[in-house]
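Below is one structure, written out as structure tokens, with a few remarks after it.
Bear in mind these aren't lab numbers, they're just calculated from the coordinates by the rules spelled out. It should be emphasised that the depicted structure is a prediction, and the values quoted were computed from it without experimental measurement. Here Cβ is always computed from backbone atoms with ideal geometry, including for glycine, and neighbour counts include all displayed protein chains.
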Amino acid sequence: MSSLVAYEESESEDESVDQVDKGASVSVQTRSLCEPQRKTVACSSSEGASCNPHPERTLLEYYGKVSELNRSSHQPHSQPQSCSDRETKYYNYRTAQDMHFRDTTAPLSLPVTQGEISPRQTLPHMSQRFSDGLNPAKRHHTVPSGLRPYIPKRQRLATSVETVDPQSSAQQVSENQTREGHILSDISERVKPYLGRKPNAAGIPKRLLMSLGGHQGPVNTVQWCPVPHLSHLLLSASMDKTFKIWDGAENGRCLRVYTCHSGAVRDACWTPCGRHLLTGSFDNTAVITDVETGQQIVKVENQFKVTCAVLHPSNPEVFLCGGYSSMVKAWDTRSCKMVKVYKAGIQQTLDILFLRGGVDIITSSDCVSRDSADRTLIAWDYETTAKVSNQIYHERYTCPSLALHPLEDSFVAQTNGNYMAVFSSQQPYRMNKRRRYEGHKVEGYAVQCEFSLDGTILASGSSTGSAHFYDYHNTRMLHTLHAHSQPCLCVSQHPVLPSTAATCDWAGEIKVWH
């Protein structure tokens, strides 16, 4: 009977020790063969004032005596043969915890065998970690690797205290500076020597300076920045729904990519200040974009695919849009409202040209009659939106592009008859039948033409991939540049650098020639 009672008491001892190991016990009962007297420390809410306010201190005094007894017997890490293994582990744990209470700065470390739960951290140590966690300066010391501390939402919005890899952050900063750098504040070293000089006669480029690749579709137009100290910037618009800014003078690096449109970008041009870009797209919109930030300043809905967009020469706040419609719309960027409408019995507007002073407008359409190209070129009064003349061009060819001479009162029209015709920019806008610029081919492509800054050289692309340069006064071909294997759509001559031009083709390639 006595052995049965002893067995039941040993079971209660094991269960009490398990509860202490788990940290959820309210009373601790121990019985050791080394000390026959039983000591019980209990605390319950019903006892009230009789509850010991420091139960852990009694335990520490008791188990400190046990540790002293062990040290006196010269066996610091073992118990007498009669003690169980569970009690031995418990004594070692309480002894180490006692040492940790005496020095809270020392980390609590015990050898943990496989499959055994490590002891908990003590309350002072946890409070110290909690106070350090509130201090951002000490947070990276207390938070384990791979874990981020909890940060309140207000603090996250105010300041970001996340730990970032220095190498990745430096790389991200450099990428942001490249992508969002101050494009308009840089002056090319190649352009700088020519800024203070008097413009010389335009030359003809003959060798390849650089090739710019990056567009995934045909490049419809390229255009240098009109501001002299920013003339190293090259604008390109493509059918891949993007338009880009390039460093076309030195390294050919793409400085910025703009994705403002959901359709092909058919036309693009600089504003006179060089800070904004006007683009027209097949997504029925025309957009004015900030060069530095890439943000849309103005976006208008035209309800037709835009194929051409042009700014008013004396009032840059107004621009005109034309496309797959019988109307040409004028928009005011200050109010984002349509201010004028030019209506004609046509199906599509191919190009728009402002004449000197912006008083009259020339529009090119695809309307062709059986015996003559009636309404192919139409002259409009800008203010009254009335037609001035629609009998300017009398041949059976459409004109995909127009160009105004920078000095003389004349303009040229690119025709699908594989030649360029010259017209007077004064009423009645007569065509000079004795002057034609022939030698290139159009064949239905939107091949553009352009004058040099001094007006002596007229350049044009070709469906054969070549770039042709003509003497404007005697219509003689000066040079043929075999630029591309695909149709060359545009040739843009540099406004400052002599003998420099940019070309683009149907395959999406851009080349700079010198």
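Counting other Cβ atoms within 10 Å, keep those with at most 15, restrict to DSSP loop, and tell me which trypsin sites (Lys or Arg not before Pro) in segment 410-440 are left.
Passing sites in segment 410-440 are 430.
How high is the FRET efficiency between residue 257 and residue 356 when r is their beta carbon distance and R₀ equals 41 Å, given to the nearest 0.05?
0.70
Once label points are set 7 Å from the Cα along Cα→Cβ at both residue 477 and residue 211, what is their separation, rounded to one decimal in nm?
That separation, rounded to one decimal, is 2.4 nm.
Within a Cβ distance under 13 Å of residue 208, other residues only, what is the Lys/Arg minus Asp/Glu net charge?
+2
Tell me the label-point distance for the pair residue 454, residue 347, using the 7 Å Cα-to-Cβ offset, in nm and rounded to one decimal.
4.4 nm
Among 344, 401, 380, flag the residue with its Cα farthest along the positive direction of the charge dipole of segment 343-413, charges on Cβ as +1 for Lys/Arg and -1 for Asp/Glu.
344
Suppose the chain between residue 386 and residue 197 were pulled fully straight at 0.36 nm per residue; how much longer would it get relative to their current alpha carbon spacing?
63.7 nm
Taking the Cα centre of segment 288-344 as the origin, how large is its charge dipole in debye, to the nearest 20, when only Lys and Arg (+1) and Asp and Glu (-1) carry charge on their Cβ atoms?
340 debye
For segment 201-513, build the charge dipole from Cβ charges (+1 Lys, Arg; -1 Asp, Glu) around the Cα centre, then report which of 213, 465, 432 sits farthest towards its positive end.
Looking along the dipole axis, the top candidate is 432.
Quote the charge dipole size of segment 405-499 about the Cα centre in Debye, to the nearest 20; the model charges only the Cβ of Lys and Arg (+1) and of Asp and Glu (-1).
It works out to roughly 340 debye.
At residue 407 and residue 295, where each label point lies 7 Å from the Cα along Cα→Cβ, what is the point-to-point distance in nanometres?
In this crude spin-label approximation the distance works out to 4.3 nm.
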